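For reference, the structure is listed below as structure tokens.
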């Protein structure tokens, strides 16, 4: 597995790169796998592929703060990211890991590796709901610090998510509405009462992610042309980012 520690200059390009890494693995090697770690230098809201922006996002608050609203190609609900929120993406091979074609097993496998890596420093870290990571032993007091989602293709899938560590948590309550679907453990708590930062530095989190996903080498090569294409045809377009269920035709 290769590792790519790379944050691109724009939010659109950063979202496109996760997808482009998946596309490259599909096109080149059925056993190719890679890990990417990055952090947006500015606040952004990212909704899921099937999200209805008006239901999940306070667009006026985002506009007032100059925070872009973008749509990723994977599922799940809206998240807020930016400085203090470390992002990771791991592209995994179905040839090497055929059991992960079962989506439930994919969630449990990937998040289980992160939990195992975090446990020496955050003993109460655990899986919450379908694809959250939380800390706290009791559901009523569990605090979410990570939201995750996946996009599957024919030979590979990308699993990616967030890890809050020094994030301005007030932005979550300001930019996001209460989600239309909630895991049972949330118990209708507000964003303020539901999310928390991990008590770890960025450097430590990077180390723990790479411990969970050991890599053989650091890569400086990334699919620039595919990123540019995805930005132009999808991630820079309002009809992709803001309109539910409307694809621009980019595969």
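The values are calculated or read from the model by the stated rules, or taken from the named source; none is laboratory data. All of these numbers come straight from a predicted model, not from anything done at the bench. Note that we place each Cβ from the backbone using ideal geometry, even for glycine, and neighbour counts take in every protein chain shown.
Just to verify a result, which residue in region 125-142, among those that are without any contact (Cβ under 8 Å) to a residue 24 or more places away in the chain and over 16 Å from residue 208 (Cα atoms), is surrounded by the fewest Cβ atoms within 10 Å (Cβ to Cβ)? Across region 125-142, the extreme among qualifying residues is 138. Within region 159-184, being touching a residue at least 24 places away in the same chain (Cβ under 8 Å) and part of a loop (DSSP other than H, G, I, E, B) holds for 165, 166, 167, 168, 169, 177, 179, 180, 181, 183.
For region 141-148, indicate whether the set of residues that are under 17 Å from residue 182 (Cβ atoms) and outside any strand (DSSP E or B) is non-empty. Working first, answer last.
At the first step, the residues of region 141-148 found to be under 17 Å from residue 182 (Cβ atoms) are 141-148.
Right, trim to outside any strand (DSSP E or B) and you get 141-142.
Yes: one or more hits.
Within region 77-114, the set of residues being in contact (Cβ under 8 Å) with a residue 60 or more places away in the chain and assigned to a helix (DSSP H, G or I) comprises 113, 114.
Examine region 143-154 for a residue that is more than 26 Å from residue 106 (Cα to Cα) and either surrounded by 14 or more Cβ atoms within 10 Å (Cβ to Cβ) or modelled with pLDDT of 95 or more (or both), and state whether such a residue exists. No, that holds for no residue.
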